[in-house]
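Working notes, beginning with the structure itself.
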Amino acid sequence: MILDSEAAMQAGLDALRAQDAVMARIIGEVAARGAGPPLRKREPGFAGLAAIIVSQQVSTASAKAIWGRVSERFPTLDAPTLRGADDEALRACGLSAPKIRTLRAVAEAVAQGDLPLDDLAAQDADAAHEALVTVKGIGPWTADIYLLFCLGHPDAFAAGDLALQEGARLAYTLDTRPKPAELLILADQWRPWRGVAAKVLWAYYGVQTGRGGTGEVG
């Protein structure tokens, strides 16, 4: 099952309620505030992954502006198009040199068959994650956000996301924000619905702080 419908999301929420009393509580709190976790699913494929790469380490406004210029300059953005684009055209869109290198590495991996984007949805979350991070420039956060928001993978979990870590700290009344490795240990109880748990925690973080996290990727 992938997270491509409200029915799929509800199945995950029901499972989490049964598995974890804390998760059951915060699901109820989020629902009571009308802030239930949204699907927010992007189209999978090269363009979806490229959009996530563009959004790394920049503000939401900057990411939207840069991606808007990329989309205008390259209406059909796929691996062959990116491979054929010159650096000057990419820089003119606002892309930094590191992001250009990453996008070219992804395009090359897709073209050579080393990164079968179409096949990742059928793999388990850990295997799909590993396939993505083997490409130079794709880190754990990018891999997990792609799996969750583009493929709708129900078990993808971005343990390195700061808002997700803070949401877990608040929900579980932890003394400090958990490190990625610590958060992965906590998240193990939510398998195979870690992706739904992540969306719940992002929503809870938003309710508690008045700020949105990565759960607001649209």
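The values are calculated or read from the model by the stated rules, or taken from the named source; none is laboratory data. Bear in mind that the values here come from a model prediction, so they are computed numbers and not experimental data. Glycine also receives a Cβ, built like all others from the backbone with ideal geometry; neighbour counts cover every protein chain displayed. These accessible areas exclude ligands, DNA and RNA; they are computed on the full protein's heavy atoms, side chains included. Shrake-Rupley method; radii C 1.70, N 1.55, O 1.52, S 1.80 Å.
Data for the structure
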| read-out | value |
| --- | --- |
| Failed criterion for GLY152 (all others in (1) crowded, with 18+ Cβ neighbours inside 10 Å; (2) more than 19 Å from GLY45 (Cβ to Cβ); (3) not aromatic (Phe, Trp, Tyr) hold) | (2) |
| Residue list for segment 45-60, filter: among the aliphatic types (A, V, I, L, M) and over 16 Å from SER96 (Cβ atoms) | ALA47, LEU49 |
| Selection count, segment 97-120, where residues are free of Cβ contacts under 8 Å to residues at least 24 places away in the same chain, part of a helix (DSSP H, G or I) and either within 24 Å of LEU148 (Cα to Cα) or open to solvent by 80 Å² or more (accessible area, probe 1.4 Å) (or both) | 4 |
| Whichever residue in segment 155-174 is modelled with pLDDT of 95 or more and out of contact with any helix residue (DSSP H, G or I) (no Cβ under 8 Å at 6 or more places or on another chain) and, among such residues, is most open to solvent (accessible area, probe 1.4 Å) | THR173 |
| Every residue from segment 34-57 that is open to solvent by 60 Å² or more (accessible area, probe 1.4 Å) and within 18 Å of the chain's Cα centre (by Cα) | ARG40, LYS41, ARG42, GLU43, PRO44, GLN57 |
| Lone qualifier among ALA187, ALA131, ALA181 - being open to solvent by less than 40 Å² (accessible area, probe 1.4 Å), farther than 30 Å from GLY34 by Cβ and at pLDDT 95 or above | ALA131 |
| Pairs with Cβ under 7 Å, 6+ apart, first in segment 1-24 and free of Cβ contacts under 8 Å to residues at least 12 places away in the same chain and among the β-branched types (Val, Ile, Thr), second part of a helix (DSSP H, G or I) and open to solvent by 20 Å² or more (accessible area, probe 1.4 Å) | none |
| Matching residues in segment 61-90 - criterion: being surrounded by 13 or more Cβ atoms within 10 Å (Cβ to Cβ) and not in a helix (DSSP H, G or I) | PHE74, LEU77, ASP78, ALA85 |
| Subset of segment 1-33 [open to solvent by 70 Å² or more (accessible area, probe 1.4 Å) and more than 23 Å from TYR172 (Cβ to Cβ)] | MET1, ASP4, GLU6, ALA7, GLN10 |
| Test: GLY160 is closer than 23 Å to LEU49 by Cα and not basic (Lys, Arg) | yes |
| Flag if ALA159 is within 30 Å of GLY206 (Cβ to Cβ), of a type in the set (A, V, I, L, M) and touching a His at 6+ places or on another chain (Cβ under 6 Å) | no |
| Cβ pairs under 8 Å, 6+ apart, first in segment 27-54 and assigned to a helix (DSSP H, G or I), second open to solvent by 40 Å² or more (accessible area, probe 1.4 Å) and acidic (Asp, Glu) | PHE46/ASP78; ALA47/ASP78 |
| Filter pass, GLY94 being outside any helix (DSSP H, G or I), over 30 Å from VAL196 (Cβ atoms) and either modelled with pLDDT under 95 or more than 17 Å from the chain's Cα centre (by Cα) (or both) | yes |
